[in-house]
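Asker: Once you've had a glance at the structure underneath, I'll fire off some questions.
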Amino acid sequence: MHGMDYLRSRLSVIDQYIKPGSRILYIDYPLHFNVGDLLILKGTEAFFADRRYDVTRRYSYFGFPWHERNFPEVPKDVTIVLHGGGNFGDIYYPHQLLREKIINHYRDHRIVIFPQTMHFSEPARMRQAAEVMSRHKDLHFLARDQRTYDIFRREFSNNVELCPDMAHFLWGKLPRKAPGATGGGTLWMMRRDEETVALPEMFRGQVDQPLDWPDFCSRRDRVVNLLTRRTDQVNGVTGRKLLPIDRFWYGYTDRMVANTIDRILTYDRIVTSRMHGHILACLLGMKTVLLDNSYGKNSTYFEAWTSRVDDCELFAA
């Protein structure tokens, strides 16, 4: 079995928590122009469609009601799905606080946190999260790596399962690099955010101008994103879904992702410290070298999953 076929098939572990045809509420979809997070979104929605979920509502962080008194009424048969990714912890703390509020508020509902990597730099914040989540008896967490799995099981609860990133459900749905096609050189994609690490010495001098996800977005993309966020904040402040932001944003980001893929396919391989730069290379059938991020997220993911995929390499410092 192809390594990517295996990773896509492993997402079926979700079926034990949410049966095909179920009604769900989807919260915290990414409303920003990080294409890596958009790949998670597209894979998640492809999974929803494949499993014939009835998605009753979709909320971004900005559009979910800001005041608890306005939180939506959710029927008991609806499962709450919290978006996956790498924001479980205190680096992107506003998303963590929203997650904890939802878990505390909807104590009688099944809640499934889609595949996440955990990182807390402050032990007190992890204890706070564990206290909230351990009280919920029908909360289920999908861990993207063994370290996250072990911490959640030890500090939070036993309701945890290993599961690869949702972007893997896009396998077979995207264009592929033509076999034997060469001439585009190496795409160097390096983080320029909170998870940045220094470029390994052996690569210095090889990199002319490394790119990051924002470099794949146009000025128009940035303006549209800003206006869309501000518009969705109207939904958040009022506590009502007055404006159909998700439908507009989903359509717009389809084009953003397609344009990014077209550009990346002009290269021969990707050397990257972006996990989803690496995963996208796997999805496109391209060679990739993965460098770690600031707290080991990339290496633990590679060890758990993409080490099975041909033409994938983890740079060991």
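Asker: In the neighborhood of ARG107, defined by Cβ-to-Cβ distances under 9 Å, what is the net charge if each Lys or Arg adds +1 and each Asp or Glu adds -1?
Answerer: After counting each charged neighbour, the total is 0.
Asker: Quick check for me: using +1 on Lys/Arg Cβ and -1 on Asp/Glu Cβ, what's the dipole size of the chain about its Cα centre, in debye to the nearest 20?
Answerer: Roughly 860 debye for the chain.
Asker: Determine the relative contact order of the chain: mean sequence separation of Cα pairs under 8 Å and six or more apart, normalised by residue count, in whole percent.
Answerer: Result for the chain is 22 percent.
Asker: Next up: What do you get for trypsin sites (Lys or Arg not before Pro) in region 120-159 restricted to DSSP loop and a cutoff of at most 12 other Cβ within 10 Å of the site's Cβ?
Answerer: Passing sites in region 120-159 are ARG135, LYS137.
Asker: A follow-up question, please. So what's the back-of-envelope 222 nm ellipticity for the chain, counting only DSSP H runs of four-plus at -39500 (n - 2.57) apiece and dividing by all residues, rounded to 500?
Answerer: Calculated from helices alone, the mean residue ellipticity at 222 nm is -11500 deg cm²/dmol.
Asker: Still on this structure: Would you list the membrane-span-like helices of the chain, meaning whole DSSP H runs whose alpha-carbon atoms span at least 30 Å along their axis and whose mean Kyte-Doolittle value is at least -1.0?
Answerer: Span-like helices here: none at all.
Asker: If we count every other residue with Cβ under 9 angstrom of ARG23's Cβ, Lys/Arg +1 and Asp/Glu -1, where does the sum land?
Answerer: Local charge sum for ARG23: -2.
Asker: Next question. Give me the net charge of TYR250's neighbourhood, meaning all other residues with Cβ under 12 Å from the Cβ of TYR250; Lys, Arg count +1, Asp, Glu -1.
Answerer: Value of the local net charge: +1.
Asker: What shape does region 3-169 take by its C-alpha gyration tensor, where a ≥ b ≥ c are the square roots of the eigenvalues and a/c under 1.5 counts as rounded, a/b above b/c as prolate, and the rest as oblate?
Answerer: rounded
Asker: Report, in listed order, any pair from LYS241/LYS297; LYS76/LYS297; LYS42/LYS241; LYS42/LYS177; LYS177/LYS241; LYS137/LYS173 with a Cα-Cα distance greater than 30 Å.
Answerer: LYS241/LYS297; LYS76/LYS297; LYS177/LYS241; LYS137/LYS173
Asker: Among VAL35, HIS119, TYR267, flag the residue with its Cα farthest along the positive direction of the charge dipole of the chain, charges on Cβ as +1 for Lys/Arg and -1 for Asp/Glu.
Answerer: Positive-end residue among those listed: VAL35.
Asker: Let me ask you something else. Hey, got a sec? Which GluC sites (Glu not before Pro) in region 27-99 land in a DSSP loop and have at most 15 other Cβ atoms within 10 Å?
Answerer: Those satisfying the criteria are GLU73.
Asker: Could you order the peptides 156-164, 93-101, 292-300 from most to least packed, using the average number of other C-beta atoms within 10 Å per residue?
Answerer: Top to bottom by mean Cβ count within 10 Å: 292-300, 156-164, 93-101.
Asker: Using the Cα centre as the reference, give the magnitude of the dipole from point charges on the C-beta atoms of region 19-91 (Lys, Arg: +1; Asp, Glu: -1; all else neutral), rounded to the nearest 20 debye.
Answerer: Magnitude of the dipole: close to 280 debye.
Asker: Also, quick follow-up: Where the only charges are on Cβ atoms (+1 Lys, Arg; -1 Asp, Glu), what is the dipole of region 220-317 about its Cα centre, to the nearest 20 debye?
Answerer: Result for region 220-317 is approximately 620 debye, rounded to the nearest 20.
Asker: A follow-up question, please. With unit charges on the beta carbon (Lys/Arg positive, Asp/Glu negative), name the residue among VAL197, ILE279, PRO65 whose Cα is farthest towards the positive pole of the charge dipole of the chain.
Answerer: Of the options given, the answer is PRO65.
Rule-based calculations on the coordinates, nothing more; no lab input. Values in this document were obtained by computation on a predicted structure and should not be read as measured data. Cβ sites come from the backbone with ideal geometry, for glycine too, and all protein chains shown count toward neighbours.
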